[in-house]
Amino acid sequence: MLAYRGSVMVPRVVRHSVGQWTAASRALLSTKNSHATDTPKVDSFDKISFIGCGKMAEAMIAPLIATGFQSAKDIAIYDVSKNAMHRFKEQYEDIQLCESIPDCVDGADLIVAAIKPQNCCKVFQEIRRAAEMPNITLRSDDAILLSIIAGKPMQDFLDGTPITKMARSMPNTPAQIGKGMTVWTCTPNIELKERAQIKHVLSCMGKSIFVDDESFIDMSTSISGSGPAYIFMLMEAMIDAGVHMGFSRNTATTLVHQTILGSTLYAMETGLHPAILRNSVTSPAGTTASAMYELENGKFRTVIKDAIWACYRRSLEMGGQDSNVGPGRITYNQPPAPMTVHYQGAFPPGLNLNREDIIRSAIPAPSGEVTDEERNAVNEKKKED
């Protein structure tokens, strides 16, 4: 949201906690969806169940209700924190509060897993228990399980629950103001109509992109998922530098916010390569050129890229996958490791070999301890060298 401070338009932070989904935010969502008549109407779900009531669940529920896509009475929530659930109840009177996970998933055709990765095993156990309860209807054949959990591959959910339709997504924190970036994928058995419904749910938080290959979800975690943290650290450093130079913190913050906001919108509007935009600011022997020199000298690009690769590797590790990826880490089909040959006697005449050549031989070395004769031969060779 933008506000005016003097003659400068700057972003104003709006905290979208439950009960604070402002009228301006609703207007933004209304404008965002004003072109709905140009696209086919997407049907709402019979019931959406949210397991976990954290910030990301809140970022999804608020616009779903505000835009009228899903009524509050058709949304059920469960969280180990009763206070978290009651905050939703205060804002949305008709929303369903559930005492257990089986109660929450009863009759739901979309189940959203909005929990921490370490709590997945417990949730899987409860969903399996729901399938065995006679008074609970778990629509395991047609219900969709949508994960917004970092690092957890779809196969974990398919193995851990009786649900066969699975979608995995990676949103980011700007989703809390309707400006998020979500990358998602799903199992092949999800029909086009259902995919349109999932896309609509995720697009309520901002922009969404579908990918066919699940590996791109882990990659997007390192760019868009964790990316806001990189930007916030850059903002923090720039603001602190401004304060160090003499600006008040409020003024430095305004300068940095507007600079990053304007630069982003400018890049999106022009569609030009960032290098072209950067060069347009950088005059020969000028102030920006001096700053660029220091950034390049400090390996700014390399640090950013290494951070993204590190994030990607950690996402793979959290999913129990091979994390040996990235510059200098890619595994190729290597030839067998060098083996040592133990040649008895003198080399044949005319065979020009040395010890280094012998090590490259493919004859395996015998197992067991080195004999005294072999040890003496090595020591004599060292004395000759």
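The values are calculated or read from the model by the stated rules, or taken from the named source; none is laboratory data. Since the structure is predicted, the reported quantities are computational estimates derived from the model, not experimental observations. Because the Cβ atoms are built from the backbone with ideal geometry, glycine has one as well, and the counts that use them run over all protein chains shown. Ligands, DNA and RNA are stripped out before the accessible areas are found, and what is left, the full protein with its side chains, is counted by its heavy atoms. Shrake-Rupley method; radii C 1.70, N 1.55, O 1.52, S 1.80 Å.
Numbers at a glance
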read-out	value
Per-region count, segment 63-79, residues part of a helix (DSSP H, G or I), under 19 Å from Ile177 (Cβ atoms) and open to solvent by 10 Å² or more (accessible area, probe 1.4 Å)	2
Residues of segment 266-304 satisfying the condition of being aliphatic (A, V, I, L, M), assigned to a helix (DSSP H, G or I) and more than 27 Å from the chain's Cα centre (by Cα)	Ile276, Leu277, Val281, Ala289, Ala291, Met292
Those residues of segment 198-214 which are over 11 Å from Thr182 (Cα atoms) and either open to solvent by 40 Å² or more (accessible area, probe 1.4 Å) or assigned to a strand (DSSP E or B) (or both), in sequence order	His200, Asp212, Asp213, Glu214
Unique match (being free of Cβ contacts under 8 Å to residues at least 60 places away in the same chain, of a type in the set (Gly, Ala, Ser) and open to solvent by 70 Å² or more (accessible area, probe 1.4 Å)) among Ala267, Ala285, Ala275	Ala285
Scan of segment 171-185 for residues that are touching a residue at least 40 places away in the same chain (Cβ under 8 Å) and open to solvent by 20 Å² or more (accessible area, probe 1.4 Å), ordered by number	Thr173, Pro174, Gln176, Ile177, Met181
Test: residue in segment 135-154 that is surrounded by fewer than 15 Cβ atoms within 10 Å (Cβ to Cβ) and assigned to a helix (DSSP H, G or I)	no
